[in-house]
1. HN-Hα J couplings of the range 80-95 from phi, Karplus 6.51/-1.76/1.60, θ = phi - 60°, integer Hz, Gly and Pro as x?
2. In sequence order, what are the phi-derived ³J(HN,Hα) couplings for the range 115-127 according to the Karplus relation 6.51 cos²θ - 1.76 cosθ + 1.60 with θ = phi - 60°, rounded to whole Hz, with x for glycine and proline?
3. Between Ala55 and Leu301, what is 0.36 nm times their sequence separation minus the Cα-Cα distance? Round to one decimal in nm.
4. Run the simple label-point estimate for Leu101 and Leu193 please: 7 Å along Cα→C-beta, distance reported in nm.
5. Where the only charges are on Cβ atoms (+1 Lys, Arg; -1 Asp, Glu), what is the dipole of the range 2-141 about its Cα centre, to the nearest 20 debye?
6. Picking from Ser37, Ile125, Phe75, whose Cα lies most toward the positive end of the charge dipole for the range 2-141 (charges on Cβ: Lys, Arg +1; Asp, Glu -1)?
7. What ³J(HN,Hα) values, in whole Hz, does the Karplus curve 6.51 cos²θ - 1.76 cosθ + 1.60 give for the range 248-253 when θ = phi - 60°, with x put for Gly and Pro?
8. Testing the spin-label approximation: label points 7 Å from Cα along Cα→Cβ at Thr63 and Val186. State their distance in nm.
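Every number here is computed from the coordinates shown, using simple stated rules; none is lab data. A quick note: this is a predicted structure, and the numbers were derived from the prediction, not measured. Cβ: placed from backbone, ideal geometry, glycine included. Neighbour counts: every protein chain shown.
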Amino acid sequence: MADVTLELENGFYKGEKTDLAIYEALAKAEKRRELRSFLEKLASTERRHAAAWKAVVEQQGGTVSEPPLAGIGAFVFVMMRRLFGTAFATKVLERNEERGLEAYYAGLESVRMSARGKTAIRKIIKDEKVHEVELQNKLRQYEGDLSYIKSMIFGINDGLVELLAVVAGIAVVANTGLVVAIAGFVVGISGTLSMAAGEYLSSKSKGLVNVAVKNHSGLTTSPAREALYIGIFYFFGSVISILPFALGMSGYKGIIASAILVVIALSIVSTVVAVISDTDIKHRVTEMLAISLGAAVVTILLGATIRYYFGVSI
């Protein structure tokens, strides 16, 4: 029982050390003084938590072991911050704090936890609750940036799903991959312009309505910037779907290669969407893949039917 208890408490130590490495890395990479100070404050608290768990383990005759992947985790968070911005990184940190609280509450109920460990948990929970509130407040400062991230995500998602369906249907009746690539490129350009224009008008109309009803939520975004992001990322998503055919592949081989690329890209996109929307990652990825691949299967069957019954090929 003692070994099991030490293993559990050492796991909490590793978790705090990992969080410490993440906050330190983010603070070191942050140029804005106010945000860097905030991250350093969080790191200081995590350092104190790690020291508390080390003391608990050593008081029971155990030895703490360092988390082997803490450096990798910190690197991933820094890259995430650079790729998706402060708002998304803050959202992930908030989600991480929520999971930490859930683990600590479970620890309080566990018979495996020592009395010293439960005392440490009660003190740490108070700090973690403060962390969660602070991160939520910090996130409100960057909600506008989060809206831009949503435009990027929705743009690339639509580009991936729509163009996979288009190229899958065309590839069944096309004689060469070049035909599929050209057709897909034309659809991609058309979709890019349509998506950008639609997003601009939608965002502009939303802003006018908010002014009319005097809804001053404090969240302001640029319609032109949102349109630019959704257009660029829609086109990027369409290029991913077209790429195998542009490289010379054709027929079902091209469809399979395109589907594999789209599955990889959609898995990443779905994960980002799940984090932003506070939904389950596995459910979101499964749903997104089922819808996109389902659409591709339908268009493949449609193309195959047309070619079989009407002898159409291009």
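1. The phi angles translate into 4, 4, 6, 7, 10, x, 5, 4, 5, 4, 5, 4, 5, 4, 4, 4 Hz.
2. Each residue's phi maps through the Karplus curve to give 4, 5, x, 5, 5, 5, 4, 4, 6, 5, 4, 4, 5 Hz.
3. Numbers: separation 246, 0.36 × 246 = 88.56 nm, distance 6.41 nm.
Full extension of this stretch gives 82.2 nm more.
4. 5.0 nm
5. Details: 25 positive and 21 negative charges, 116 e Å.
Charge dipole, the range 2-141, about its Cα centre: 560 debye, nearest 20.
6. Toward the positive end, the furthest listed residue is Ser37.
7. x, 6, 8, x, 5, 5
8. Inter-label distance under the simple model: 7.1 nm.
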